[in-house]
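S.K.: Below is the structure I would like to discuss, written out as structure tokens.
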Amino acid sequence: MVMLTELYAKENTQDFISKYNKYNTVCRGMGYERKSCKGKYPELFPFETLQRIVAFHARMSSHQQNIGSQAVVVFGKVTLNSGSAYNGNTGIFTAPTDGIYSFTWTILTTPGSKFITEIVINGNIVGYDYANGKS
């Protein structure tokens with residue numbers, strides 16, 4: 001199961017985690033549960049399969065400046081990492097299973113500066129954000 005959540009501008013980390021926990025409770029109430037299929041139904045699951053919720057929330061741990069073109073922006077302060085799919089040291093998310101994943105991010109810049117960010121999957125740009133620090 002994949003958990004899709006968004007952090008809106010007026011929410012804080014605790015709001016996000018609270019919302020995540022509510023989703024988790026609803027999913028368990030609908031019969032979804034975290035479990036390992038290891039050793040069960042070998043004809044259906046020849047390899048170890050782990051059903052788990054994947055969700056993370058990360059933010060900048062320091063001010064960034066003069067980041068080079070195509071550099072990975074690392075959101076190093078990780079406050080939620082269910083499923084351990086996001087690496088706060090490298091800034092890379094590795095999807096543990098096929099699924100639908102939703103990402104949102106906010107970029108700010110100083111007056112007179114601009115900053116373009118892209119989300120890239122296997123070398124392909126699939127989304128971007130543009131911040132223009134016009135005063």
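The values are calculated or read from the model by the stated rules, or taken from the named source; none is laboratory data. Here the structure is a predicted model, which is why all the values come from computation and not from measurement. Note that each Cβ is placed from the backbone with ideal geometry, even for glycine, and that neighbours are counted across all protein chains shown. Ligands, DNA and RNA are stripped out before the accessible areas are found, and what is left, the full protein with its side chains, is counted by its heavy atoms. Shrake-Rupley method; radii C 1.70, N 1.55, O 1.52, S 1.80 Å.
S.K.: Out of the trypsin sites (Lys or Arg not before Pro) in segment 47-135, which ones are loop residues according to DSSP with at most 11 other C-beta atoms within 10 Å?
M.R.: Lys134
S.K.: Could you give the length gained by full extension between Thr94 and Tyr130, i.e. 0.36 nm per residue of separation minus their alpha carbon distance, to one decimal place?
M.R.: Working: separation 36, 0.36 × 36 = 12.96 nm, distance 2.40 nm.
Going from the current span to full extension adds 10.6 nm.
S.K.: I'd like the accessible area for Val120, computed on protein heavy atoms only with a 1.4 Å probe and all protein chains in place. Round to 10 Å², please.
M.R.: Roll a 1.4 Å probe over it and Val120 shows about 80 Å².
S.K.: Let me know the shape class of segment 77-120, please: from the alpha-carbon gyration tensor, a ≥ b ≥ c as square roots of the eigenvalues, rounded when a/c is under 1.5, otherwise prolate if a/b is greater than b/c, or oblate. Intermediate values should be presented prior to the final figure.
M.R.: Working: a/c = 2.79, a/b = 1.97, b/c = 1.42.
Prolate is the answer for segment 77-120, as a/c is 1.5 or above and a/b outweighs b/c.
S.K.: Now for a separate question. Between Asn66 and Thr106, what is 0.36 nm times their sequence separation minus the Cα-Cα distance? Round to one decimal in nm. Please report the intermediate quantities before stating the final value.
M.R.: Values: separation 40, 0.36 × 40 = 14.40 nm, distance 1.79 nm.
Extra length from Asn66 to Thr106 when fully extended: 12.6 nm.
S.K.: Please give the residues of segment 76-94, grouped as numeric ranges, whose backbone N is less than 15 Å from a label point set 7 Å along the Cα-to-Cβ vector of Asn122.
M.R.: Under 15 Å, as judged by backbone N against the label point of Asn122, lie 94 of segment 76-94.
S.K.: Using a 1.4 Å probe on the protein heavy atoms only, what accessible surface does Leu108 show? Give it in Å² to the nearest 10.
M.R.: Surface open to solvent at Leu108 totals about 150 Å².
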